[in-house]
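*Asks:* Shown below is the structure under consideration.
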Amino acid sequence: MNGSGSRHPDQGMFPFGDAGTMASFPVTCPTAKPATLKRQYVPLGSVWEGEDAELLERMLDFYPRKRPKRILDATVNGGRFWRGSNRPVMGLDISIQHRPNVAGDNANMPFRPEAFDVVVYDPPHIPNQGKDNEKDFNTRFGLVLRSSKENAYTFTHTYPPFAKEAYRVLRPEGVLFCKITDYVHHHRYNWAHLDFIQAAREAGFKACDCIIKIRKGPIIDPKWKTAHHTRRQHCYWLVFRKSAKCE
């Protein structure tokens, strides 16, 4: 997730800044399979009720034009998307407590231009979230950031700088996957997925697809016994391409 930080002074020289190994991150990164292997077409539905890791694996097979050789998770946190995965993943996080491959700001990434085939982005979904009756979001998702009144208690202001950096570090025809959810705060509906689409388009991305991911149950704040909006029980996986066309 976004935070303060500065770019590595040799950022233009190295594809992965000063972290050339992934030994500290619980993801294995074998040599990528040759891109010449022909993949069998498997359709992907627009609604998903399973786990994110399984969906992401399907998306990585479905959307990139070639098998990705370098994948950046720009909000890696504890790496829950990649447990058991053999994908070549570089994990970036602002917090060193998660032991990312690279500790840094995803609005000011320490990577050279066009270093990755795929970028994955899972920003904080709900600002200033504490606990509900069943989940501690700070522990599970690493929601260490809070949003101020000046930013309307949203994270919308973090989308444009990230989108520009994602565009910079992606190769031509590269793909950006963004998991995001709308939410209600102060009795107002916040259209986060639309805000991110706008930021990505302004950065140069082509918005290409959307998958609705269904949760097992809605996120409920115990402070609010009565709600005047529907309870959020889904989020979105948005798909963008660094290209003038999607297909």
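The values are calculated or read from the model by the stated rules, or taken from the named source; none is laboratory data. Because the structure is a prediction, the values reported are computed rather than measured. Note: ideal-geometry Cβ built from the backbone for every residue, glycine included; neighbour counts use all protein chains shown.
*Asks:* Do we have any residue at all in the stretch 222-243 that's in a loop (DSSP other than H, G, I, E, B), among the basic types (Lys, Arg), at pLDDT 90 or above and crowded, with 17+ Cβ neighbours inside 10 Å?
*Replies:* Among the residues of the stretch 222-243, at least one is in a loop (DSSP other than H, G, I, E, B), among the basic types (Lys, Arg), at pLDDT 90 or above and crowded, with 17+ Cβ neighbours inside 10 Å, which makes the answer yes.
*Asks:* Moving on to the next point. Which ones in the stretch 89-114 are buried (at least 21 other Cβ atoms within 10 Å of the Cβ) and within 19 Å of residue 66 (Cβ to Cβ)?
*Replies:* The answer is 89, 90.
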